[in-house]
Amino acid sequence: QVHVVESGGGLVQPGGSLRLSCAASGSIGTVNAMAWYRRAPGKQRELVARITAGGSTSYADSVRGRFTISRDNAKNTVYLQMNSLKPEDTAVYYCNVVAPPFTSWGQGTQVTVSS
């Protein structure tokens, strides 16, 4: 089984920055894609950013140009650098790790953007 733990959330003012981290551990073979999702109050969970094992990235339109996803394969860790944060970025952010045969989720970390 794969255990996933996120960290780095918190309260930040509009225009500020945060960096989220997500570490996978346990019975890990090859880690394929790693991704960040978020769920805002009253909304469905949405994909924020995704990175493949080879480093190819994709982003939601709402965050492209402001967020950057990266990974450290040696540490089975994925990061999400969030800049120019907006109140609408407020959500619980979840890490998703695909390490066949497992697809694992973290417990989530709260990000609140407010003055």
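The values are calculated or read from the model by the stated rules, or taken from the named source; none is laboratory data. Since the model is a prediction, treat every value here as computed from it, not as a measurement. Cβ coordinates were reconstructed from backbone atoms using ideal geometry, including for glycine residues, and neighbour counts include every protein chain displayed. With ligands, DNA and RNA removed, areas are computed over all heavy atoms of the protein, side chains included. Shrake-Rupley method; radii C 1.70, N 1.55, O 1.52, S 1.80 Å.
Can you tell me how many residues within the stretch 99-115 are over 13 Å from the mean Cα position of the chain (by Cα) and either open to solvent by 40 Å² or more (accessible area, probe 1.4 Å) or not small (Gly, Ala, Ser) (or both)? Summing the residues that are over 13 Å from the mean Cα position of the chain (by Cα) and either open to solvent by 40 Å² or more (accessible area, probe 1.4 Å) or not small (Gly, Ala, Ser) (or both) in the stretch 99-115 gives 8.
Within the stretch 77-115, the set of residues being in a loop (DSSP other than H, G, I, E, B) and either touching a Ser or Thr at 6+ places or on another chain (Cβ under 6 Å) or without any contact (Cβ under 8 Å) to a residue 12 or more places away in the chain (or both) comprises ASN83, THR90, PRO101.
Selection over the stretch 80-93 of residues that are out of contact with any Lys or Arg (no Cβ under 6 Å at 6 or more places or on another chain) and surrounded by fewer than 19 Cβ atoms within 10 Å (Cβ to Cβ) gives a count of 4.
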